[in-house]
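The values are calculated or read from the model by the stated rules, or taken from the named source; none is laboratory data. Note that this is a predicted model, so its numbers are computed, not measured. All Cβ positions, even for glycine, are placed from backbone atoms using ideal geometry, and neighbour counts span all protein chains on display. Surface areas here come from the heavy atoms of the whole protein model, side chains and all, with no ligands, DNA or RNA. Shrake-Rupley method; radii C 1.70, N 1.55, O 1.52, S 1.80 Å.
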Amino acid sequence: MATEKGQKVVWFQAAGCTGCSISLMNSSYPDLVNLLLDELVPGKGITLLFHATLMGPTGRPALELLDRVPREAAGQYVLVVEGALPTGHENFGRVGEVPMAARAAELARKAIAVVAMGSCASYGGIPAGAPNPAGCIGMGELLRQEGIGVPVINVPGCPPHPRWFVETLVTVLARGLPAPEELDDAGRLRNVYSGLIHEHCPRRPDFDVARFAPYFGEQGCLYELGCRGPFTNAACPEHAWNGGVNWCIRAGHPCIGCTEPDFPDRFSPFFRKLSLEEELMTYRRQG
Amino acid sequence: MSRLVIDPITRIEGHLKVEIQVEDGAITEARCTGALYRGLEEILRGRHPLDAQRITTRICGVCPLAHSTAASLCLDDALGLSPPRGGQLLRNLIYGANYLHNHVLHFYHLALPDYLPAGALPGALSPGTDEDRRFSQQEANRLAGHYLEALAVRRKAQELVALFGGKMPHDMAIVPGGVTYRPTLGEVAAFRFRLKEIMGFIETSYIPDLLLLAERYHDYFGLGQVGKLLAYGCFPLEGERLFPAGVVLGGELVPFDPGEIREGFAHSWYSGDGPQPPWAEEAPPAPDKAGGYSWIKAPRYRGEPCEVGPAARAAVGLRAGTPEFRELAQDILREADVPPDALSSAMGRHLARGMETLFIARAMESWLSQLDLSAPVATEYRIPQEGRGQGLAEAPRGAVGHWIEIKGRVIAHYQVIAPTTWNASPRDEAGKPGPIEQALAGTPVSGDGVLEAGRIVRSFDPCLACAIQ
């Protein structure tokens with residue numbers, strides 16, 4: 001059992017859908033029990049202090065745990081945030097009467113580091129789609145606005161593949177906080193978000209000979225149906241999803257770019273083929 | 001008299017605060033506050049209609065299929081599409097798999113810790129109190145073991161969704177007109193063997209564990225009752241539905257008419273005059289509104305707050321369902337030694353959830369054997385200049401509805417009323433409390449009321465991300 005000397009982790013949920021937690025619960029090797037109880041790298045595991053979906057205590061005892069952490073475990077815990085932070089009005093999101101954004105900032109201020117789990121916590125995600133009714137932002141932006149210098153590691157995806165979180169977690173446990181050059185421009189670990197989906201797509205041979213699927217459920221590259229694989233950094237083709245059984249493009253659905261900053265607006269409407277100009281602009285932006 | 005705030009209610013989806021008044025050993029009044037507003041309906045306005053398929057799926061990570069299904073039905077309706085039989089079978093199989101994940105997760109990981117002794121589960125998972133624990137040490141050990149086993153079972157159920165649906169959470173393959181994927185024979189076999197394993201767990205662990213819980217806590221069949229029940233029905237196939245639609249008012253089954261649904265906002269943080277029909281609803285957020293206490297709106301059927309969910313599906317199913325459902329439901333009711341009208345209760349909801357898990361898993365075996373992998377799975381779509389659509393389905397936690405209005409080939413209006421919008425709704429224009437508020441009022445409590453309130457609230461399997469989009 002690694003729980004006694006495990007790295008303390010607080011999992012805080014804000015403007016999200018719990019999909020990132022459910023995705024992590026889909027992890028196998030290590031599975032959730034391994035993650036909670038076992039050494040993940042030699043001599044190191046985690047001790048989960050707070051996770052509202054899974055924890056036993058409810059109401060005041062649960063809230064007191066959350067209130068005590070920044071005081072009693074300052075500088076000792078990693079904060080994982082799931083969901084965006086509503087900043088448009090303090091009543092848009094509260095946990096224990098306190099606005100979520102204020103609570104997230106308070107927890108982050110005393111953390112060793114913040115792991116932004118999912119595209120909402122990383123960049124705002126779906127709730128930040130125009131016109132962003134609740135003023136949702138990601139943790140990086142929140143900490144910039146609050147002048148909090150704690151490092152943030154983004155693990156985007158809607159939701160992220162559990163492996164991307166596990167890779168990020170064990171990298172930090174084994175080697176400590178990443179150096180700035182280990183993160184890409186979007187704040188993701190380069191070794192986890194290491195290439196465009198298009199580069200490893202099994203339908204790439206279809207693209208190369210311009211054999212495009214005319215409709216859902218048909219053979220061929222999905223580019224003309226709106227696929228954003230050429231612009232999306234994610235290891236979906238390599239890992240596939242849910243124990244490797246399938247993933248979006250294999251299932252005949254165009255990639256919608258859910259790991260990228262400015263998802264969903266950059267890629268909406270999802271089922272519209274991008275023009276050549278847009279494509280070139282995107283390539284240029286990414287250098 | 002004491003006033004107690006329970007915030008956060010943990011082991012549910014999302015952000016719910018419940019306030020109870022306790023007087024002379026009973027809860028006299030309760031208020032439910034949905035504490036998060038995102039505004040996804042507003043985000044949909046002006047977008048391409050098909051974006052609703054992908055964006056509404058992301059309303060909820062526990063039951064994305066509730067929304068991908070309702071959205072696809074809503075868009076099918078607006079675009080005039082009728083999925084081919086193969087597409088419908090695959091939709092049902094994908095959706096059914098979401099139920100298996102949801103109900104196993106809910107029973108073992110969200111609800112059961114309310115009944116297990118402190119220390120039965122490791123670390124932060126450990127139940128917060130030892131109050132009113134009735135299992136023997138041996139039983140508690142067995143249930144805790146099944147808690148851990150169920151983590152893998154629900155993961156396998158998510159693999160079922162992904163096999164035909166692409167990935168999970170946030171399935172991708174359901175689209176207007178059908179599905180995007182025709183699985184291979186090998187994948188059908190992979191599906192069948194996972195389903196068989198899950199079925200084994202349901203039959204040999206889930207149902208017996210549920211019946212043990214129902215026996216030890218038989219008094220909870222008398223707590224948390226609501227009584228007015230509503231189901232939209234779901235799992236269509238060739239004009240029939242596995243779960244029929246209906247309303248049970250005063251013990252009588254009444255035909256369901258979607259035109260009778262209205263949403264009010266008297267105590268919700270929205271402006272606008274209520275109650276309004278979903279197709280024409282205009283209710284901008286008003287976070288400072290006096291008298292408001294929740295982001296959840298107050299949907300009503302003919303002015304009545306209705307409970308939705310497994311108890312409603314079972315109540316309607318017992319009166320109008322398939323012979324297979326009625327037989328299974330009656331068997332389980334007999335084993336639990338309760339009458340059908342005990343379904344709308346803190347323990348009855350668990351029982352209804354368990355019986356339908358078994359029923360759906362059996363239906364999935366049948367659908368799987370009917371798959372024809374050479375048949376088309378989708379029809380082509382064209383976006384009309386103008387159009388209206390309605391998509392009604394059953395999420396694991398109850399009736400879910402999507403409504404769309406298309407103007408100029410974009411979304412002019414999109415409305416979602418989710419199960420927890422019904423169940424956790426606040427008081428309405430007429431001052432009638434929502435179903436969970438009703439279920440809590442009158443409950444006798446042994447201590448401060450947190451224990452009983454937690455058990456009753458969780459029996460509804462609330463999902464706040466769905467309740468307020």
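So is residue A:219 out of contact with any Ser or Thr (no Cβ under 8 Å at 6 or more places or on another chain) and at pLDDT below 90 or not?
Numbers: out of contact with any Ser or Thr (no Cβ under 8 Å at 6 or more places or on another chain): yes; at pLDDT below 90: no.
Criteria not met by residue A:219.
Can you find a residue in region B:34-42 that is at the interface with another protein chain (Cβ under 10 Å from one of its Cβ atoms) and farther than 24 Å from residue B:435 by Cβ? Explain how you work it out, then say what you get.
So in region B:34-42, the residues at the interface with another protein chain (Cβ under 10 Å from one of its Cβ atoms) come out as B:35-42.
Filter again for farther than 24 Å from residue B:435 by Cβ, leaving B:39, B:42.
Taking every residue of region B:34-42 in turn, at least one turns out to be at the interface with another protein chain (Cβ under 10 Å from one of its Cβ atoms) and farther than 24 Å from residue B:435 by Cβ.
How many residues, within region A:60-107, are in contact with a strand residue (DSSP E or B) (Cβ under 7 Å, 6 or more places away or on another chain) and farther than 17 Å from residue B:36 by Cα? Let's see the steps before the verdict.
Let us first name the residues in region A:60-107 that are in contact with a strand residue (DSSP E or B) (Cβ under 7 Å, 6 or more places away or on another chain), namely A:65-66, A:69, A:73, A:76-87, A:90, A:92-93, A:99-101, A:103-104, A:107.
Narrowing further to those that are farther than 17 Å from residue B:36 by Cα: A:65-66, A:69, A:73, A:76-80, A:107.
Qualifying residue count for the region: 10.
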Picked from region B:315-325 (must be among the hydrophobic types (A, V, I, L, M, F, W, C) and open to solvent by 10 Å² or more (accessible area, probe 1.4 Å)), the residue farthest from residue B:103 (Cα to Cα) is B:320
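Looking at A:215, A:223 in this structure, which one is within 9 Å of chain B (Cβ to nearest Cβ) and hydroxyl-bearing (Ser, Thr, Tyr)? Show your work before the answer.
Values: A:223 fails: within 9 Å of chain B (Cβ to nearest Cβ).
Just a single option satisfies the conditions, and that option is A:215.
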Does at least one position in region B:160-167 carry a residue that is among the aromatic types (Phe, Trp, Tyr), farther than 27 Å from residue B:112 by Cβ and within 11 Å of another protein chain (Cβ to nearest Cβ)? yes
Among helices (runs of 4 or more DSSP H) lying entirely in region B:397-469, which contain 1 or more residues that are of a type in the set (Gly, Ala, Ser)? B:435-440, B:450-459, B:464-467
Name every residue in region A:75-92 that is more than 9 Å from every other protein chain (Cβ to nearest Cβ), out of contact with any helix residue (DSSP H, G or I) (no Cβ under 6 Å at 6 or more places or on another chain) and within 23 Å of residue A:21 (Cβ to Cβ), in order of residue number. A:76, A:77, A:78, A:80
If we keep just the residues of region A:158-195 that are without any contact (Cβ under 8 Å) to a residue 60 or more places away in the chain and in contact with an Asp or Glu (Cβ under 8 Å, 6 or more places away or on another chain), which is most open to solvent (accessible area, probe 1.4 Å)? A:190
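Taking the criterion of being small (Gly, Ala, Ser), within 12 Å of chain B (Cβ to nearest Cβ) and closer than 27 Å to residue A:157 by Cβ, would at least one residue in region A:61-69 satisfy it?
Taking region A:61-69 first, the residues small (Gly, Ala, Ser) are A:62.
With within 12 Å of chain B (Cβ to nearest Cβ) added as a condition, the list becomes A:62.
Right, trim to closer than 27 Å to residue A:157 by Cβ and you get none.
No, region A:61-69 has no match at all.
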Complete set of residues in region A:23-75 that are closer than 18 Å to residue B:16 by Cβ, assigned to a loop (DSSP other than H, G, I, E, B) and touching a residue at least 12 places away in the same chain (Cβ under 8 Å): A:52, A:53, A:54
So, in region B:326-342, how many residues would count as being in contact (Cβ under 8 Å) with a residue 60 or more places away in the chain and crowded, with 19+ Cβ neighbours inside 10 Å? 4
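Is it the case, given these coordinates, that residue A:72 is among the acidic types (Asp, Glu) and away from chain B (no Cβ under 11 Å)? So that I can check it myself, show each step before the final result.
Values: among the acidic types (Asp, Glu): yes; away from chain B (no Cβ under 11 Å): yes.
So residue A:72 passes the test.
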Meets criteria (open to solvent by 20 Å² or more (accessible area, probe 1.4 Å) and farther than 26 Å from residue B:456 by Cβ) for residue B:386: yes
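Output the number of residues of region B:13-42 satisfying the condition of being farther than 20 Å from residue B:56 by Cα and under 20 Å from the mean Cα position of the chain (by Cα). Spell out the reasoning first.
Of region B:13-42, the ones farther than 20 Å from residue B:56 by Cα are B:16-33.
Within this subset, residues satisfying the condition of being under 20 Å from the mean Cα position of the chain (by Cα) are B:16-18, B:32-33.
Total satisfying the criteria: 5.
Residue by residue through region B:91-107, note down the ones that are touching a residue at least 60 places away in the same chain (Cβ under 8 Å) and in contact with a helix residue (DSSP H, G or I) (Cβ under 6 Å, 6 or more places away or on another chain). Before you say what the answer is, go through the steps one by one.
Residues of region B:91-107 that are touching a residue at least 60 places away in the same chain (Cβ under 8 Å), as a first pass: B:91-104, B:106-107.
Listed by number, the residues that qualify are B:92, B:93, B:94, B:95, B:96, B:97, B:98, B:99, B:100, B:101, B:103, B:104.
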Can you tell me which residue in region B:121-147 is most open to solvent (accessible area, probe 1.4 Å), limited to those that are touching a residue at least 24 places away in the same chain (Cβ under 8 Å) and facing another protein chain (nearest Cβ under 9 Å)? B:129
From the list B:176, B:122, exactly one residue is modelled with pLDDT under 95 and not hydrophobic (A, V, I, L, M, F, W, C). Which is it? B:122
Can you confirm whether residue B:90 is within 11 Å of another protein chain (Cβ to nearest Cβ), within 24 Å of the chain's Cα centre (by Cα) and under 24 Å from residue A:33 (Cβ atoms)? no
Check whether at least one residue in region B:297-314 is open to solvent by 10 Å² or more (accessible area, probe 1.4 Å), out of contact with any helix residue (DSSP H, G or I) (no Cβ under 7 Å at 6 or more places or on another chain), within 30 Å of residue B:358 (Cα to Cα) and modelled with pLDDT of 95 or more, and report yes or no. no
Selection within region B:1-33 - facing chain A (nearest Cβ under 8 Å) and among the polar types (S, T, N, Q): B:10
